[in-house]
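Since the structure comes first, as structure tokens, the remarks are kept for the end.
The values are calculated or read from the model by the stated rules, or taken from the named source; none is laboratory data. Values in this document were obtained by computation on a predicted structure and should not be read as measured data. Because the Cβ atoms are built from the backbone with ideal geometry, glycine has one as well, and the counts that use them run over all protein chains shown.
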Amino acid sequence: DAKTTQPTSMDCAEGRAANLPCNHSTISGNEYVYWYRQIHSQGPQYIIHGLKNNETNEMASLIITEDRKSSTLILPHATLRDTAVYYCIVIPVTNAGKSTFGDGTTLTVKP
Amino acid sequence: DTAVSQTPKYLVTQMGNDKSIKCEQNLGHDTMYWYKQDSKKFLKIMFSYNNKELIINETVPNRFSPKSPDKAHLNLHINSLELGDSAVYFCASSQGGGGAYGYTFGSGTRLTVV
């Protein structure tokens, strides 16, 4: 399974957009890009996912490059409650394998 | 209704004991997983399982064994517990490989071995 790399940490001012990058240069054609976040030690929470098109939902937007080798999660108006660890992971459509979470990015939203 | 539920939420036990953590999902998913999150916060997959195939991460000691009485349950048995087994264990489920709809996680079981 493809692996991902993310910056270890990022800061963002409250009310501003948070842009979290992820590299997944070995992604294959049948793998989706997923973003999860984890607040404290709660279970990871789904944010958004995509295959090759950009996606938007009530929580965030996902921008995937044309070659699919990287993506960016955008939280349009970050709040203090968005402080969390954000994980980018690639997951195959079928054949559950060993999809492993990377180290994630610790996003700190500051007042 | 909780989609993926784990019990117990907290578990404190002594070294050498055998313990089980239970997981149930009511999403109708056909694949379930166990993840371990250690003190460094890395989320590592331990097992993925559906009614056809068990995939084991090769780094998982054989003291750990998943047991699935039916499609909605995947329990984790741990024999001869060691201090290093202390971690938060997360159960998750998906439909197929998970790519179409992703994983749904439980709230975790914090295991402390003393």
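Give, as residue ranges, the strands (runs of 3 or more DSSP E) completely inside chain A that count at least 2 residues that are without any contact (Cβ under 8 Å) to a residue 60 or more places away in the chain, within 14 Å of another protein chain (Cβ to nearest Cβ) and closer than 26 Å to B:K36 by Cβ. First the steps, then the outcome.
Values: elements: A:9-13, A:18-23, A:31-38, A:45-50, A:61-64, A:70-75, A:84-92, A:105-110.
The qualifying strands (runs of 3 or more DSSP E) are A:31-38, A:45-50, A:84-92.
Just checking, does region B:72-93 include any residue being more than 10 Å from chain A (Cβ to nearest Cβ), farther than 14 Å from B:E24 by Cα and of a type in the set (V, I, T)?
Checked region B:72-93: at least one residue is more than 10 Å from chain A (Cβ to nearest Cβ), farther than 14 Å from B:E24 by Cα and of a type in the set (V, I, T).
Might you check whether a residue that is away from chain A (no Cβ under 14 Å) and surrounded by fewer than 20 Cβ atoms within 10 Å (Cβ to Cβ) occurs anywhere in region B:98-113?
yes
Based on this model, can you work out whether B:S48 counts as out of contact with any Pro (no Cβ under 7 Å at 6 or more places or on another chain), within 12 Å of chain A (Cβ to nearest Cβ), surrounded by 14 or more Cβ atoms within 10 Å (Cβ to Cβ) and polar (S, T, N, Q)?
Criteria met by B:S48.
Show me the strands (runs of 3 or more DSSP E) entirely contained within region B:2-114 in which 2 or more residues are more than 23 Å from A:Y87 (Cβ to Cβ) and in contact with a strand residue (DSSP E or B) (Cβ under 8 Å, 6 or more places away or on another chain).
Numbers: elements: B:4-7, B:10-13, B:19-25, B:31-37, B:43-50, B:54-56, B:64-67, B:75-78, B:87-94, B:109-113.
The strands (runs of 3 or more DSSP E) meeting that bar are B:10-13, B:19-25, B:64-67, B:75-78, B:109-113.
Which condition number in (1) modelled with pLDDT of 95 or more; (2) crowded, with 18+ Cβ neighbours inside 10 Å; (3) of a type in the set (A, V, I, L, M) is the one that A:I27 fails?
(1)
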